[in-house]
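No value in this document is a laboratory result; all are computed from the given coordinates. Just so it is clear, the model here is predicted, and its values are computed rather than measured. Because the Cβ atoms are built from the backbone with ideal geometry, glycine has one as well, and the counts that use them run over all protein chains shown.
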Amino acid sequence: MSTKQSLCAIRAGLVRVAGVIFALAALGAAGTAFAATTYFVRVDGGSTTQCTGRTDAAYPGAGSAQACAWNHPFQALPPGAVARIAGGDTLIIGGGSYMMGFGAPGATSCAQSYSWDCYMASVPSGLSATQPTRILGKGYDAACPAAPELWGTERASMVLNLQGSSNVEVSCLEITDHDSCVDQHCHGGNCTGEVLACNRAAAPWGKWAGVGIKASDSMKVWLRDINVHGMAHRGVLAGRLTDWTMDRMTIRANGWAGWDGDIGANSSNSGQMLFRHLDLSWNGCGERYPSKQPFGCWGQVTGGYGDGLGTGATAGNWVIEDSTIHHNTSDGLDLLYMSAGGTVTVRRTWAEGNAGNQLKTKGNSIIENSVIVGNCAYFVGVGNMQSGDHCRALGNALSIGMTATSVTTIVNNTISSQGDCLILSGGGGSAARMTIANNVMIGEIDYRQPSERSCAMYTEGTEQVAWDRNFVTGVKNASCPGNSLCVGLPLITSSLYSNFNPIPLPGSPLINTAAIGRAPSLDYNRVPRDALPDIGAIEYGAQGGAPIDEIFNNSFG
């Protein structure tokens, strides 16, 4: 252990012997259990000289080492320096707004000439999954009524640093910046709408920051009640992760992409990547400050990106449940680069208005009880979106990558598409299997080829496809695959893209006509299906309130 490492270990109350961490009790008394410390931050706190940080109280105005809170998260996690909290400690951040970057309290090592490096130290790893380091906004234990705001400034590369951080819980934070710009906005040219590129010419750079959360080489992290929005580049840039859980997370209106999992040559993840109650929306658009309205949306034609969530080559078991993925300027969910052994499960998720494919998976996949509205031409005439951005990759609502032996199940979804097809699959060998059962499948006029309608399915592989009790209507060549129901209309509340509503109407042919053995026990709203289940995502008479809201319609502003 180096001298610096020894000092850090002593400061943290830890000694490492033969790779095992032992804890030292206060005043040097021997002990084997780590005594975690809770630290506090509040806007009326003091510096590390003025306050101990161990009491949730304001700085009294005089004195040093007072029993009061620190005044900024940088006091606990100083840029370019060693963290003042140890693994297993808790940092509770009080309500209010905290500038994160050059000029902020505790940023003593930062310089204007390289202010992009002015970001917090990595959160120290917890001792175990049951003894995590915790970074918590005040109110984390009461449904997070008013998350403290961490806002990046002066071109800071990131706000929350989880590089090398394992066994960590982060809860109840709003992460953003205070500028309306998008980094290198429309640098590819051909823009016809509003362009607002961030200042890269000279300092001061402005109140913008690149990435909300950056993470790598990290395992067993729990993000809960986190809102990442309006970042100039990416909301989240994260790879080489293992066993992450995201609960009630919003990633919205980040200028390049929402969650970008491509951090370089080796970005692969492992274990379970679980997203529950995720709102992934308007990424590829700027966000006006302070109104939070998306603007200047752009895509790949003008040099942008626009995926809601996309990765590089990755493994892991990806699970997305009870989520909304909508109005991103390229693909909504792009998990087409899964490697052997990885899986994708999408349950009870609403995907709509993404400019490319709504959902992309590869390998063993399950898509069930979801509403997939493939209005991939939503962004026509919006922002800086160009003709090549609309219905990108032909706009297939579902793009399913198969492998030689993969198994995919698409069951009890409501799917519509104005792309080339409702379902595209490719790469499957003769031993691969796909089951398409109990889905409502609505074809619309193909945006890119308006003389045709969307096809029900097209495959570029040789996988075995089993169709069972789907309701198929409006598709190319009036195709009626397998034992599908293909006569009449599905009689859902609305199939219009302006107010799509999949709830079956009385007398709908979807009611009581699904294949019984294939239907999940619960529907989109987690309501039990009855003994004669319905086709589609929502069981008639038990809808419990589908998320029909203006955010899914014409909420661009």
Query raised in the report: Between T250 and residues 5 or more places away or on another chain, which pairs have amide H atoms under 5 Å apart, with H built 1.01 Å from N, and which residues are they?
Result: I226, N227, V228, D279
Report summary line: In whole Hz, the Karplus estimates of ³J(HN,Hα) for the stretch 533-540 (6.51, -1.76, 1.60; θ = phi - 60°; x where Gly or Pro) are x, 9, 6, x, 6, 10, 6, 4
Report task. Evaluate E = 1/(1 + (r/R0)^6) for S479 and K292, where r is the Cβ-Cβ distance and R0 equals 45 Å; express this FRET efficiency to the nearest 0.05. Result -> 0.55
Report task. First check a/c for the stretch 330-557, with a ≥ b ≥ c the square roots of the eigenvalues of its C-alpha gyration tensor; if it is under 1.5, answer rounded, and if not, answer prolate when a/b is larger than b/c or oblate otherwise. Result -> rounded
Report task. Identify all aspartates and glutamates with a Cα-Cα distance to K220 below 13 Å; exclude those on the same chain that are fewer than 8 residues away in sequence. Result -> E169, D243
Query raised in the report: Expressed as a whole number of Å, what is the distance separating the alpha-carbon centroids of the stretch 51-75 and the stretch 140-213?
Result: 27
Report summary line: Karplus-derived 3J(HN,Hα) from phi for the stretch 78-87 (6.51 cos²θ - 1.76 cosθ + 1.60, θ = phi - 60°), whole Hz, x at Gly and Pro, runs x, x, x, 9, 7, 4, 8, 10, 10, x
**Report entry** Length gained when the stretch N512-Q131 is fully extended (0.36 nm per residue, less Cα-Cα span)
**Finding:** 132.2 nm
Report summary line: Net charge (Lys, Arg +1; Asp, Glu -1) of residues whose beta-carbon lies under 11 Å from that of T176, T176 excluded, is -2
Report summary line: A correct Karplus calculation of ³J(HN,Hα) over the stretch 394-404, with 6.51 cos²θ - 1.76 cosθ + 1.60, θ = phi - 60°, whole Hz and x for Gly and Pro, returns 6, x, 4, 4, 10, 10, 10, x, 9, 10, 4
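If R0 is 35 Å, what FRET efficiency do you get for A35 and H187 from their C-beta distance, rounded to 0.05?
Working: r = 52 Å, r/R0 = 1.48.
After rounding to 0.05, the efficiency reads 0.10.
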Report summary line: Answer in debye to the nearest 20: the dipole magnitude of the chain about its Cα centre, from +1 Lys/Arg and -1 Asp/Glu charges placed on Cβ, is 1120
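In the neighborhood of A143, defined by Cβ-to-Cβ distances under 10 Å, what is the net charge if each Lys or Arg adds +1 and each Asp or Glu adds -1?
Values: positive: R248; negative: D141, D225.
Residues close to A143 contribute a combined charge of -1.
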Query raised in the report: Say the cut-off is 28 Å between C-alpha atoms; which of K138/K292; K362/K476; K138/K214; K138/K362 go over it?
Result: K138/K362
Query raised in the report: Y119's amide H: which non-local residues (gap 5+, or another chain) put their own amide H closer than 5 Å, with H modeled 1.01 Å from N in plane and none for Pro or chain starts?
Result: G80
Query raised in the report: Modelled label-to-label distance, S270 and D217, 7 Å Cα→beta-carbon offset: nm?
Result: 1.5
